[in-house]
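Read through the structure below, which is laid out as structure tokens, and then see the notes.
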Amino acid sequence: MVSEPPVPSRRPTSRELFGKLLADDYAWMRDRDDPEVRAHLEAERAHAEAVLDMRTGDLRARLYRELRGRIKEDERSVPTKDGPWLYYSRTEQGDEYPRHCRRPHARDEASEQVYLNENLLAEAHDYFDLAALAISPSHRLCAYIVDLDGDEIYTLRIKNLATEELLEDTLVGCGRALGWGNDDVLFYTRLDPAHRPWQVWRHQIGSDQANDVCVHEERDPKFFVSVYRTRSDAFVAMSIDSQVTSEMWLIPTATPTAPAQLVAARREGVEYGLAHRGDQLFVLSNDGARNFAIELRALPGHEGETRVLVQHRDDVLLEDMDVFAGHLVIWERHDGLQRVRVVPLDPMPARAGDDSALAPGEHLIEFPDPAYSVWGDSNPEFETTTLRFGYTSLTTPASIYDYDLRTRDRTLRKREEVVGGHDPAHYRSARIWTQASDGARVPISLVWRAQSQSQPQSTDASRSPRPTVLEGYGAYGLTMDPSFSSARLSLLDRGVIWAMAHVRGGGELGRSWYDTGKLAAKHNSFDDFVACAEHLIHERWTTPAQLVATGGSAGGLLVGAVANARPELFTAIVADVPFVDVLNTMLDPSLPLSLVERDEWGDPTSAEGFAWIHAYAPYENVRAQAYPAMFVLAGWNDPRVGYWESAKWVARLRDRKTDDHQILLWTNMDAGHAGPSGRFEYLHELALEYAFLIDHLGLPNAADPRVA
């Protein structure tokens, strides 16, 4: 029997702003207390599953087994030395969540202590997220923050690791940031009614939360607060940030009840972060340096000159830094790819990283693949000459290295195991470029399974088009760096090319890449994605009948806007918790992030900001035309992108589209923005997406076992 999509009732509302009539038949879906809302979402979910099962049989169940079968169930992280202990996590057969362990680094593994078992904490809960965990300076206490609903409202608990008893201290309404002052004092954040972390509080261990002291309250609704302990252990740092402006304060850990000291007062458009070493602060700032520079400053309340240590460069974005006792490690980006620069600090260099390629004593850590991702792993100790970093590429599983900052020796400590085996030589990856309509060069990362040993990485006109998934994001200056996915093998081994469009609005090509993809220039994100799709078609990587677009959250906004503008380029679209009702959300200051994010999207209460958003908002621009088939996912408890955005969008698409392509809505009723929390549970949702992709790309149900 053919499943028919549920038809929601229409309850027309309208308002006029800046000469535009905003009519909405489905605004009622935002009312969580209306029983018709949940009933409709559950009917949509049942319809989506029925359609997929009818079209693909038991494919999603087989995909789940396939995806799970590649995951090593008894897994262990690389132990990290922190003081007298080695800390690590591990999982056992059937575990959804990690067990956090430690042992004295001078002893053997028989002395292991499982100090926090997430599986026990998650029992009787459909959702569980350990958002933060911090060990006290003496290693006697463990503070951790959990979310049991997916709504990102957290509870903080403290455990005595010597007695393994849970303290009575229970702090509710928390954000996800915390930092130890000393073993008796803990700093944490609290949320306002719009889910904004707006206060930093000081908690005395053993006391009631009612006795806590508010250290900072941020009344400007565009700013949010965070707190952490510096690697030097000398300070607790409070970071107060909007989308474009920063302010930082320091509290000495030796006197955690002392007043916070201001580093530099906020100035609109100036962002900065810091690290501490000796009597100086290393400050990463964009003040007069669009791609950021690094300065040396005296501590607050101390005299000393400020000097530039690492100069601004137009072609290099300084993304982050790690300061150790003898070395500065700079995480930077050049030509869209990450680099790691090592600067010795003994003696302190007179200059570093100016317009020359490398200053004396510096070196770059090199990486082999054409498209890859690298990140700092656990590096808690200040007095060390070893940097631990992670590396992955589109063909290489996540790998953990220890790197000697003096000798430059690199030691592989662990590589993610793909159960059943994975040979990177069977796959190819590439970084190619296309040109947007305004002349901007846009990078695309690709990975595919080779069809023969001799198949080159480069391309030629004789290639046969293949089914392709084009992924995009392009917002907040965040980068979408290429990484390995064992789950993605289920598509690659069926003949899919996976492509990543690094569009403007992200940070791949420096700060200007972000600035030219936001506010009035947001249309560049969509133009870039279209250019990437057209390039893949023109260069015979794929065809419109074989091309799917996918994006999540702000990436869902991207593919939603492109679906309105150029639907003929794609056979299907997957939108995961998509931010598609942009205009209505940004007009409502009571919703989480709406005021905070006006520096990203614009202020729709002004004529200018309204015009920017109204021009592309996916929900407002649905029109009478043919659309690709769509699979749309939402989260009932999502505080970032309300479930109603997806539900309203799907209803309006069905009302107005002129084709018979299926549009499916699937809402996770037990999770939020990030989806299911367990390491296996999320695979059920991914199997749904992959079944939809395999169906609409006309792929075989079984993976191709050919060896290149």
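Derivation of every value follows stated rules applied to the coordinates shown; laboratory data play no part. Note that the structure is a prediction, hence the values are computed from the model and not measured. Using ideal geometry, Cβ is built from the backbone for each residue, glycine included, and neighbour counts are taken over all protein chains shown.
Once each part is reduced to its C-alpha centroid, what is the distance from segment 125-180 to segment 514-566 in angstrom?
That distance is 40 Å.
Take the residue pairs Lys81/Lys159; Lys222/Lys657; Lys222/Lys414; Lys81/Lys222; Lys72/Lys522 and return only those whose Cα atoms are more than 30 Å apart.
Too far apart for the 30 Å limit: Lys222/Lys657; Lys222/Lys414; Lys81/Lys222; Lys72/Lys522.
Within 10 Å, count the other beta carbons around each residue, average over each peptide in 509-520, 287-298, and list them highest first.
509-520, 287-298
Taking θ as phi - 60°, what are the ³J(HN,Hα) couplings along segment 177-190 by the Karplus curve (6.51, -1.76, 1.60), each to the nearest whole Hz, with x for Gly and Pro?
Each residue's phi maps through the Karplus curve to give 10, 7, x, 7, x, 9, 5, 9, 10, 10, 10, 8, 10, 10 Hz.
Listing Phe526, Phe367 from the residue with the fewest other Cβ atoms within 10 Å to the one with the most, what is the order?
Result, fewest neighbours first: Phe367, Phe526.
For segment 125-270, place one equal point scatterer on every Cα, skip the solvent, and apply the Debye formula. What is log10 of I(q)/I(0) at q = 0.20 Å⁻¹?
Treating every Cα as an identical point scatterer, log10 I(q)/I(0) equals -1.27.
For segment 1-141, what are the per-bin percents of Cα-Cα distances with bins 10 Å wide, up to the bin holding the maximum?
With a bin width of 10 Å, the distribution comes to 9, 21, 20, 18, 16, 13, 3, 0.
May I ask you to compute the full-extension gain from Leu21 to Ser138, defined as 0.36 nm times their residue separation minus their alpha-carbon distance, rounded to one decimal in nm?
Contour length minus Cα-Cα distance gives 35.9 nm.
So what's the gap between the Cα centers of segment 409-450 and segment 19-37, to the nearest angstrom?
43
Considering the Cα positions of segment 215-357, please state its Rg to one decimal place and its Dmax as a whole number of Å.
15.3, 46
Could you pull the Cα extents of segment 273-416 along its three principal axes, largest to smallest, in whole Å?
Result, largest extent first: 50, 33, 25 Å.
I need Val78, Val562 ordered by Cβ neighbour count within 10 Å, fewest first.
Val78, Val562
Output ³J(HN,Hα) for segment 22-39: one whole-Hz value per residue in order, computed from phi by the Karplus curve 6.51 cos²θ - 1.76 cosθ + 1.60 with θ = phi - 60°, and x for Gly and Pro.
Calculated HN-Hα couplings, in order: 9, 9, 8, 7, 10, 4, 4, 5, 6, 7, 5, 7, 7, x, 5, 5, 5, 4 Hz.
Looking at segment 63-131, which GluC sites (Glu not before Pro) are DSSP coil and have at most 10 other C-beta atoms within 10 Å of their C-beta?
Hits after loop and neighbour filter: Glu123.
Give the residue list of trypsin sites (Lys or Arg not before Pro) in segment 178-252 that are DSSP loop and have at most 10 other beta-carbon atoms within 10 angstrom.
Passing sites in segment 178-252 are Arg219.
Work through the residues other than Ser207 whose Cβ is under 11 Å from its Cβ and net out their charges, Lys, Arg +1 and Asp, Glu -1.
-4
For Ala671, enumerate residues with amide H under 5 Å from its amide H, sequence gap 5+ or separate chain, H modeled in the peptide plane.
Amide H neighbours of Ala671: Trp636, Asn637.
With 10 angstrom as the radius, rank Phe692, Phe128 by how many other C-beta atoms surround their C-beta, starting from the fewest.
If I rank by nearby Cβ atoms, fewest first, I get Phe128, Phe692.
If amide H atoms are built 1.01 Å from N in the plane of the peptide, which residues on other chains or at least 5 residues away come under 5 Å of the amide H of Asn117?
Correct list: His100.
From the backbone phi of segment 563-571, what are the Karplus-calculated ³J(HN,Hα) couplings (6.51 cos²θ - 1.76 cosθ + 1.60, θ = phi - 60°) in whole Hz, Gly and Pro given as x?
4, 5, 7, 9, x, 6, 7, 10, 8
Among Val213, Ala162, Ser242, whose Cα lies farthest out toward the positive end of the dipole of segment 125-270, if unit charges sit on the beta carbon of Lys, Arg (+1) and Asp, Glu (-1)?
Ser242
Hey, any idea what Rg/Rh is for segment 636-708, computing Rh the Kirkwood way over Cα pairs?
1.07
Given [x] 71; [y] 55; [z] 62, which label gives percent of Cα pairs over 32 Å apart as computed from the coordinates?
The value matching this structure is [y].
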